[in-house]
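The values are calculated or read from the model by the stated rules, or taken from the named source; none is laboratory data. Since the structure is predicted, the reported quantities are computational estimates derived from the model, not experimental observations. Here the Cβ positions follow ideal geometry from the backbone for every residue, glycine too, while neighbour counts run over all protein chains shown. Areas reflect the complete protein model, heavy atoms only, side chains present, ligands, DNA and RNA absent. Shrake-Rupley method; radii C 1.70, N 1.55, O 1.52, S 1.80 Å.
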Amino acid sequence: MNAPLNARIATHEVENQPPPFAGYNAWSGDAILRATVAREGAGWIADRAMAMGQLVGSERMRTLAELANRFTPQLRSHDRYGNRIDAVEFHPAYHELMGLAFGAGLHSVAWTARDAGFAARAALNYLWNQGENGTSCPVTMTFASLAPLEHEPALAREWMPKIVAEDYDPRPLPLAEKRAVTIGMAMTEKQGGSDLRANTTRAEPAGGGAYALTGHKWFCSAPMCDAFLTLARTDAGLTCFLVPRSLADGTRNVFLIQRLKDKLGNKSNASSEIEFAGTLGWRVGDEGRGIATVIEMAHLTRFDIVIASAGMMRAALNEAMHHAAHRSAFGRRLAEQPLMKNVLADLALEWEAATLTAFRLARAFDRQKSDRHEQLVCRLGVPVAKYWLCKRTPAVALEAMECLGGNGYVEEGALARLYREAPVNGIWEGSGNVICLDVLRAMARSPDAVDALAAEIEPAAKAEPRLARFVAGLKRDLDDRATLETQARRVVEKLALALQASLMVQHASPEAADAFCATRLDARTGAVFGTLPASANIDAILRRAALE
Ligand SMILES: Cc1cc2nc3c(=O)[nH]c(=O)nc-3n(C[C@H](O)[C@H](O)[C@H](O)COP(=O)(O)OP(=O)(O)OC[C@H]3O[C@@H](n4cnc5c(N)ncnc54)[C@H](O)[C@@H]3O)c2cc1C
């Protein structure tokens with residue numbers, strides 16, 4: 001009577017399916033991650049990272065992620081008596097995830113740590129993005145909000161302690177009554193989009209230092225955050241404001257949520273269309289300097305997207321390697337089939353290069369205040385990496401999904417969700433072309449940023465002739481000023497590959513660095529994953545990438 005149900009069903013035994021992929025530690029099992037984080041000065045985060053790694057590798061995390069994305073947020077514009085409440089209801093799994101993320105300081109360690117806070121926080125965020133991605137949106141915005149707020153010491157004094165609090169308090173209450181707050185941003189308008197200069201929302205002085213805002217925003221994610229950085233036009237021009245959802249007197253600020261977006265992926269995260277109608281906001285930064293103020297936040301969110309993308313690549317690779325290790329086809333495990341090994345090793349190279357790039361930038365953030373070189377690496381490196389990693393993540397997710405065959409395409413598994421999630425990082429916070437144009441702008445305004453990146457790459461190029469040749473070609477492209485704008489994607493891709501190759505030469509195994517240079521710097525190699533040359537030491541690459 002107590003035999004498992006499978007044993008009592010006559011039709012078939014379930015065989016040749018992998019065991020559930022859970023019960024691993026995404027931190028302690030990832031030797032390359034641990035070495036990278038230690039090298040960038042944040043080895044001290046190991047205990048927290050261990051706890052996060054265990055969570056991310058647990059069945060509980062999988063269940064929460066699946067539930068929060070299957071049962072999507074619902075808009076409750078009015079209560080049952082017809083009063084506007086402009087609330088979004090989430091599945092309890094979303095709130096549990098938010099509690100785990102904010103409770104772990106995922107949003108704040110960069111600001112509260114004494115040393116290497118950006119690299120330490122990056123380790124946590126990299127791990128988190130292997131488990132769930134929709135919650136990363138409010139986490140990232142809350143993390144990044146502190147940069148513009150530093151311009152307004154009075155507002156910062158009020159808000160900062162509750163922004164960095166390691167806690168999650170979703171109650172719709174005024175700041176004074178909250179244990180912790182989350183911050184969003186509302187920039188994008190229907191007619192404006194990337195071109196923020198076309199924004200039309202107006203702000204009029206309303207007394208007591210407040211302004212009354214009137215207008216709309218076409219995209220506003222995580223609308224249940226406690227306050228939003230937004231742009232509105234005063235007589236002096238576009239200005240940044242902090243718009244709280246609750247006012248100090250206990251009433252709700254006017255914040256009309258018109259609709260929730262029905263998105264391709266990123267399902268657990270609510271994204272909305274909102275309207276301001278006499279909505280109260282407080283100025284952040286100088287009047288007329290709104291774009292310059294919010295760009296500081298965008299720089300941080302772009303960096304966070306780089307970290308998230310590297311984590312998502314790791315998640316995809318893990319799923320593919322786990323499946324291949326346990327599934328057999330045509331007489332051998334997939335992990336032993338030469339062509340599958342080529343695909344997995346190629347994915348592993350992409351992930352390792354992404355990870356080294358992401359954490360190199362984390363170090364630049366940690367040191368930029370006192371080191372001009374790091375500041376320049378940061379300025380140019382962030383958009384270069386944001387562009388390239390966001391372009392590569394959907395391709396990695398697609399190929400990893402294919403490694404699982406039909407199982408990969410089914411919603412119960414993590415890869416279908418990861419695949420639908422993957423493109424959004426390339427679209428928000430600057431779409432591909434906009435980011436490439438930002439790279440050109442950075443190079444034009446700070447020509448020494450190109451020198452700083454060249455100095456980063458030079459030692460590796462001296463040791464690796466293929467990189468030296470690649471860099472020489474890149475320099476010719478950069479010198480051709482007349483075609484730079486039409487060629488911007490080509491140039492940014494090359495900048496990314498040169499930086500990645502230099503990091504691989506310095507820090508990866510000789511086998512991985514050699515295969516990376518052979519396939520990423522040489523135009524004759526394949527356009528898809530799984531095209532490593534016969535000379536590549538695939539077994540060595542896979543050994544290093546495997547979870548311990
Ligand atoms: C899920 C989701 C959530 C979002 N959440 C928020 C949020 O919380 N807050 C917020 O403010 N915004 C949010 N956004 C908006 C997002 O930041 C914008 O969609 C993005 O900035 C692009 O703007 P757009 O959609 O208006 O496209 P456009 O600006 O119209 O761009 C369309 C295309 O044209 C390209 N392009 C633009 N200018 C040029 C040029 N000069 N040369 C060549 N190509 C160009 C772009 O790269 C893009 O590919 C969200 C978007 C999504 C999808």
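Figure legend. Inter-residue proximity from the stretch 118-136: first residues touching a residue at least 40 places away in the same chain (Cβ under 8 Å) and part of a loop (DSSP other than H, G, I, E, B), second residues of a type in the set (Lys, Arg) and open to solvent by less than 10 Å² (accessible area, probe 1.4 Å), beta-carbon distance below 9 Å, spacing 6+ or different chains. Indicated pairs: ASN129/ARG314; GLN130/ARG314.
Would you say ARG420 is touching a residue at least 24 places away in the same chain (Cβ under 8 Å) and within 19 Å of SER502 (Cα to Cα)?
Details: touching a residue at least 24 places away in the same chain (Cβ under 8 Å): yes; within 19 Å of SER502 (Cα to Cα): no.
For ARG420, the condition - touching a residue at least 24 places away in the same chain (Cβ under 8 Å) and within 19 Å of SER502 (Cα to Cα) - is not met.
Looking at VAL343, VAL377, VAL384, which one is of a type in the set (Val, Ile, Thr), part of a helix (DSSP H, G or I), touching a residue at least 12 places away in the same chain (Cβ under 8 Å) and open to solvent by 10 Å² or more (accessible area, probe 1.4 Å)? Walk me through it before giving the result.
Working: VAL377 fails: open to solvent by 10 Å² or more (accessible area, probe 1.4 Å); VAL384 fails: open to solvent by 10 Å² or more (accessible area, probe 1.4 Å).
Only one candidate qualifies: VAL343.
Which one is nearest to PRO73 (Cα to Cα), of the residues in the stretch 210-229 that are near the ligand (Cβ under 8 Å from one of its atoms) and within 22 Å of the chain's Cα centre (by Cα)? Even if it seems obvious, please write down each step before you answer.
Here is the first cut: in the stretch 210-229, the ones near the ligand (Cβ under 8 Å from one of its atoms) are 217-222.
Next, from what is left, pick out any that are within 22 Å of the chain's Cα centre (by Cα): 218-222.
On the way: TRP218: 18, PHE219: 15, CYS220: 14, SER221: 12, ALA222: 10 Å.
Taking the candidates together, the pick is ALA222.
Would you list the strands (runs of 3 or more DSSP E) that sit entirely within the stretch 214-329 and hold 1 or more residues that are surrounded by fewer than 17 Cβ atoms within 10 Å (Cβ to Cβ)?
Details: elements: 227-234, 237-244, 256-260, 271-284.
Result: 237-244, 256-260, 271-284.
Table: residues versus (1) out of contact with any Leu (no Cβ under 9 Å at 6 or more places or on another chain); (2) buried (at least 20 other Cβ atoms within 10 Å of the Cβ).
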position: ASN129; (1), (2): yes, yes
position: SER145; (1), (2): no, yes
position: ALA156; (1), (2): no, no
position: TYR168; (1), (2): no, yes
position: LYS178; (1), (2): yes, no
position: VAL181; (1), (2): no, yes
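Taking every residue in the stretch 261-282 that is among the hydroxyl-bearing types (Ser, Thr, Tyr) and more than 12 Å from the ligand (Cβ to nearest atom) and pairing it with any residue that is open to solvent by 40 Å² or more (accessible area, probe 1.4 Å) and modelled with pLDDT of 95 or more, at least 6 positions away or on another chain, the pairs with Cβ-Cβ distances below 7 Å are THR279/VAL254. Of the candidates GLU412, GLU464, the single residue that is closer than 29 Å to PRO510 by Cβ and either away from the ligand (no atom under 16 Å from the Cβ) or open to solvent by 60 Å² or more (accessible area, probe 1.4 Å) (or both) is GLU464. Checking each residue of the stretch 191-206 against the condition of being over 21 Å from GLU152 (Cβ atoms), open to solvent by less than 50 Å² (accessible area, probe 1.4 Å) and under 22 Å from the mean Cα position of the chain (by Cα) gives at least one match.
Condition first: of a type in the set (Gly, Ala, Ser), more than 10 Å from the ligand (Cβ to nearest atom) and assigned to a helix (DSSP H, G or I). Now tell me which residues in the stretch 415-450 satisfy that.
Start the filter on the stretch 415-450 by keeping residues that are of a type in the set (Gly, Ala, Ser), which leaves 416, 422, 426, 430-432, 442, 444, 446, 449.
Right, trim to more than 10 Å from the ligand (Cβ to nearest atom) and you get 416, 422, 442, 444, 446, 449.
Selection gives ALA416, ALA442, ALA444, ALA449.
Results for (1) under 15 Å from ALA353 (Cβ atoms); (2) open to solvent by 50 Å² or more (accessible area, probe 1.4 Å); (3) over 25 Å from the mean Cα position of the chain (by Cα); (4) touching a residue at least 60 places away in the same chain (Cβ under 8 Å), shown as yes or no for each residue.
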site: ALA498; (1), (2), (3), (4): yes, no, no, no
site: LEU503; (1), (2), (3), (4): yes, no, no, yes
site: GLU511; (1), (2), (3), (4): yes, yes, yes, no
site: ALA515; (1), (2), (3), (4): yes, no, yes, yes
site: ALA518; (1), (2), (3), (4): yes, no, yes, no
site: GLY526; (1), (2), (3), (4): no, no, yes, no
site: GLY530; (1), (2), (3), (4): no, no, yes, yes
site: ASN537; (1), (2), (3), (4): no, yes, yes, no
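Scanning the stretch 28-75 for residues that are touching a strand residue (DSSP E or B) at 6+ places or on another chain (Cβ under 8 Å) and either open to solvent by less than 40 Å² (accessible area, probe 1.4 Å) or at positive phi (or both) yields one hit, PRO73. When the stretch 346-369 is filtered for residues that are outside any helix (DSSP H, G or I) and either more than 21 Å from ALA442 (Cβ to Cβ) or modelled with pLDDT under 95 (or both), only LYS369 remains. Return the residue satisfying two criteria in turn: it lies in the stretch 164-208 and is in a helix (DSSP H, G or I) and more than 17 Å from SER221 (Cβ to Cβ), and of such residues it is nearest to the ligand (Cβ to nearest atom). Ranking the candidates gives ALA198 first.
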